[in-house]
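See structure below.
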Amino acid sequence: MSPRHPYEVIASEHLWQSRWYSLRQDRLRAADGSEVTYTVVEKPAAVWVVPVTAQGALVLIHQYRYPVDDWCLEVPAGNVEPGCDPAQMAARELREEIGGTAEQIIPVAEFYTMNGIGNEIAWVFLALGVTLGQPSREPTEHIDLCTVPIAEGLRMARTGQIKDGPSALAILLCAAELSAHFPESM
């Protein structure tokens, strides 16, 4: 064991798997010789796309989420498929969820979404010059579109009106780029 890796993996098994995520349970040995069990949510990396029209409207989705039994304001998001470039997946999620195409997709940041229990990495992209079209949603996606001025979207993210944490963070992480491209909207 090294200071970088304070645990030695003794055993590892998958408790459950689906196409979206899996649960892995690891038995670990700590530096003092004690053993602990850690359950990890394994999830593919994902993209969150903050779409803005040429007129400066932030496009949000209002999506029903069964686990919390609530309609949540979010930005388009989805898993990165194996072997796919995150920027290409961002463009694809934009098309699928809002029927959007963008003149420019800018990488903004990356972060862990649940590093206490899982390994998902989030890539945030800002999509500029978005034109809306016909979406191609999955049957489980119940979505309405909502456009708001950029300043209003930032306020909603800061005040908790956008309760989906990764979406709120994605919007806030885009603030500097939004200010640079739409200074009159801030």
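Against the test of being in contact (Cβ under 8 Å) with a residue 60 or more places away in the chain, of a type in the set (D, E, K, R) and under 26 Å from residue 182 (Cα atoms), the options 74, 93 yield a single qualifying residue, 74.
For residue 170, the criteria (1) assigned to a strand (DSSP E or B); (2) of a type outside the set (Val, Ile, Thr); (3) buried (at least 19 other Cβ atoms within 10 Å of the Cβ) hold in every case but one, which is (1). The set of residues in region 114-137 being buried (at least 19 other Cβ atoms within 10 Å of the Cβ), under 16 Å from residue 74 (Cα atoms) and of a type outside the set (Phe, Trp, Tyr) consists of 122, 124, 126, 127.
Taking the conditions exactly as written (on the phi > 0 side of the Ramachandran plot and free of Cβ contacts under 8 Å to residues at least 12 places away in the same chain), does residue 83 satisfy them or not? In short, yes. Which members of region 16-40 meet the condition of being over 21 Å from residue 113 (Cα atoms) and free of Cβ contacts under 8 Å to residues at least 12 places away in the same chain? Scanning region 16-40 gives 32, 33, 34. Restricting attention to region 138-150, does a residue exist that is modelled with pLDDT of 95 or more, in a helix (DSSP H, G or I) and surrounded by 15 or more Cβ atoms within 10 Å (Cβ to Cβ)? Scanning region 138-150, I find at least one residue that is modelled with pLDDT of 95 or more, in a helix (DSSP H, G or I) and surrounded by 15 or more Cβ atoms within 10 Å (Cβ to Cβ), so the answer is yes. Exactly one of these conditions fails for residue 60: (1) closer than 16 Å to residue 99 by Cα; (2) without any contact (Cβ under 8 Å) to a residue 60 or more places away in the chain. Give me its number. Unmet for residue 60, out of (1) closer than 16 Å to residue 99 by Cα; (2) without any contact (Cβ under 8 Å) to a residue 60 or more places away in the chain: (2).
Only one of the listed residues (110, 96, 103, 177) is among the charged types (D, E, K, R) and out of contact with any strand residue (DSSP E or B) (no Cβ under 7 Å at 6 or more places or on another chain). That residue is 96.
Total residues in region 11-31 satisfying the condition of being surrounded by fewer than 12 Cβ atoms within 10 Å (Cβ to Cβ) and modelled with pLDDT of 95 or more: the figure is 6. So which residues in region 1-33 are among the polar types (S, T, N, Q) and in contact with a strand residue (DSSP E or B) (Cβ under 9 Å, 6 or more places away or on another chain)? 12, 17, 22, 25 - these are the residues of region 1-33 that are among the polar types (S, T, N, Q) and in contact with a strand residue (DSSP E or B) (Cβ under 9 Å, 6 or more places away or on another chain). Could you count how many residues in region 77-91 are crowded, with 16+ Cβ neighbours inside 10 Å and farther than 20 Å from residue 135 by Cβ? Number satisfying all stated conditions: 1. Within the span defined as region 66-73, every residue fails to be over 20 Å from residue 20 (Cα atoms), buried (at least 22 other Cβ atoms within 10 Å of the Cβ) and either among the β-branched types (Val, Ile, Thr) or assigned by TED's automatic domain parsing to the domain that holds residue 158 (or both).
The set of residues from region 149-168 being under 24 Å from residue 184 (Cβ atoms), without any contact (Cβ under 8 Å) to a residue 24 or more places away in the chain and out of contact with any Leu (no Cβ under 8 Å at 6 or more places or on another chain) comprises 155, 159, 168. The strands (runs of 3 or more DSSP E) found entirely in region 1-76 that carry 2 or more residues being over 30 Å from residue 129 (Cβ atoms) are 7-17, 22-30, 35-42.
Taking the criterion of being of a type outside the set (A, V, I, L, M) and more than 30 Å from the chain's Cα centre (by Cα), the residues of region 19-46 that qualify are 29, 32, 33, 34, 35.
The values are calculated or read from the model by the stated rules, or taken from the named source; none is laboratory data. Source: prediction; values computed, not measured. Cβ coordinates were reconstructed from backbone atoms using ideal geometry, including for glycine residues, and neighbour counts include every protein chain displayed.
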